Amino acid sequence: MGAAISKLQKSLDGLNGTVNTKIEELVQTTVSMKDTNEKESQTFELILRGYGDTFLLEINRLKSDIGLKDLDELIQKLKKISDASEEPLKPENVDVLLDEVLLGIKDLMGPSGDSSKSESKANTQTKKEMTGVKPDGFDSASPPSK
């Protein structure tokens, strides 16, 4: 019985050795496959990046050829002009600017008795009317129509 147990022990040791060897081979194969996949993915990434860069260059050349680049620049410039003109065109600023323009015109025309008095009276009346106008464009006397 001791000899049978000893023989069984040797068989189990051999089996454990075989299983360990197969597991090590499997681990090494897995590591090798991982390295290969990483190299292949880097290669494909470089290839796709090259395609993307070439594609972008072709799109920019096409945009330039058909004038879209100039159109984009024009749109950007118009946006800048629009942003710059928002502040001066607010209602409270327009009133001040119009008043300054009218005063400048009066100064250029020189003093003329009756016309300056009637214009001054019209300006005073216009200013009174403008004070009744709210920023939304409706005067306070009449409600907005729907």
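The values are calculated or read from the model by the stated rules, or taken from the named source; none is laboratory data. Just so we're clear, the structure is a prediction, and the values are computed from it rather than from any experiment. FYI the Cβ positions are ideal-geometry reconstructions off the backbone, even for glycines, and counts take in every protein chain you see. Ligands, DNA and RNA are excluded from the accessible area calculation, which covers all protein heavy atoms including side chains. Shrake-Rupley method; radii C 1.70, N 1.55, O 1.52, S 1.80 Å.
Using a simple spin-label model with pseudo-atoms 7 Å out from Cα toward Cβ, Leu56 and Asp70 lie 2.6 nm apart. Note on Glu100 and Leu48: their simple-model spin labels are 5.9 nm apart, each label 7 Å out from Cα toward Cβ. Each residue of the range 97-103 was assigned a 3J(HN,Hα) from its phi angle through the Karplus expression (A = 6.51, B = -1.76, C = 1.60, θ = phi - 60°), giving 5, 5, 4, 5, 5, 4, 5 Hz with x at Gly and Pro. Measuring with a 1.4 angstrom probe and ignoring ligands and nucleic acids, Lys90 comes out at about 80 Å² accessible.
Taking only the alpha carbons of the range 1-63, we obtain Rg and Dmax values of 27.1, 91 Å in that order.
FRET efficiency for the Lys7 to Lys34 pair, using the beta carbon distance and R₀ = 41 Å, is estimated at 0.50. Protein heavy-atom surface of the range 14-56, 1.4 angstrom probe: 63% of the accessible area is carbon and sulfur, with nucleic acids and ligands not counted.
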